[in-house]
Amino acid sequence: AELTGSGIRVFTAPKADEPEWVASLARAPRAVLYLAGALGRATPAESVNLMQLARRALVPSGALVVDAPLAAAAHSDPAAVDVTMRRWLAPNAATLLLEVGGFESPRRVDVDVPAPEHASWYMVIGTSPAL
């Protein structure tokens with residue numbers, strides 16, 4: 001997403017192209033980057049790579065937002081949320097990923113559930129270091 005004179009413009013990329021798309025943003029860094037559901041679809045190595053790419057895609061003090069569903073139980077099936085989801089990612093793991101990626105003050109924000117049959121989601125928000 002980027003701020004414009006008339007509001008916020010949101011850019012999206014096909015799920016398969018996320019790393020390449022995030023890397024391309026480094027040519028014109030953004031103030032906010034929202035990786036919607038990306039961490040649950042990525043392998044651990046891909047997740048670390050996405051954090052590094054996101055740092056380069058943000059202006060100093062820019063915000064990175066990631067989100068993921070909370071596992072309802074230890075035996076929950078990730079495919080019940082999204083067939084492309086590979087694994088559950090606990091909020092503390094997402095927070096740690098942002099810390100390892102060099103983001104400052106990562107914090108968890110719980111997201112309201114639209115209906116009881118939907119999975120609960122959380123967001124983790126961190127900022128890129130200021131110059």
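Each value in this text was obtained by applying a stated rule to the coordinates, not by laboratory testing. These numbers come from a predicted model, not from an experiment. Note that each Cβ is placed from the backbone with ideal geometry, even for glycine, and that neighbours are counted across all protein chains shown.
Could you compute the net charge surrounding residue 92? Neighbours are other residues with a C-beta less than 12 Å from the C-beta of residue 92; K and R count +1, D and E count -1.
On the way: positive: 107, 108; negative: 99.
With Lys, Arg at +1 and Asp, Glu at -1, the net is +1.
Given H placed on each backbone N at 1.01 Å, which residues far from residue 121 in sequence or on other chains put an amide H within less than 5 Å of it?
Under 5 Å from the amide H of residue 121: 70, 111.
Rounded to the nearest 0.05, what FRET efficiency is calculated for residue 79 and residue 21 with R0 set to 22 Å and r the Cβ-Cβ distance?
On the way: r = 24 Å, r/R0 = 1.09.
In this case the efficiency is close to 0.35.
With N set to the residue count of the range 52-114, report its C-alpha Rg divided by 2.2 N^0.38 Å to two decimal places.
Here the Cα radius of gyration is 1.28 times the empirical estimate.
Assuming 0.36 nm per residue, please report the length gained on full extension of the stretch residue 46 to residue 92 beyond their Cα-Cα distance. Don't skip to the end; give the middle numbers.
On the way: separation 46, 0.36 × 46 = 16.56 nm, distance 1.76 nm.
Stretched fully, the residue 46-residue 92 segment lengthens by 14.8 nm.
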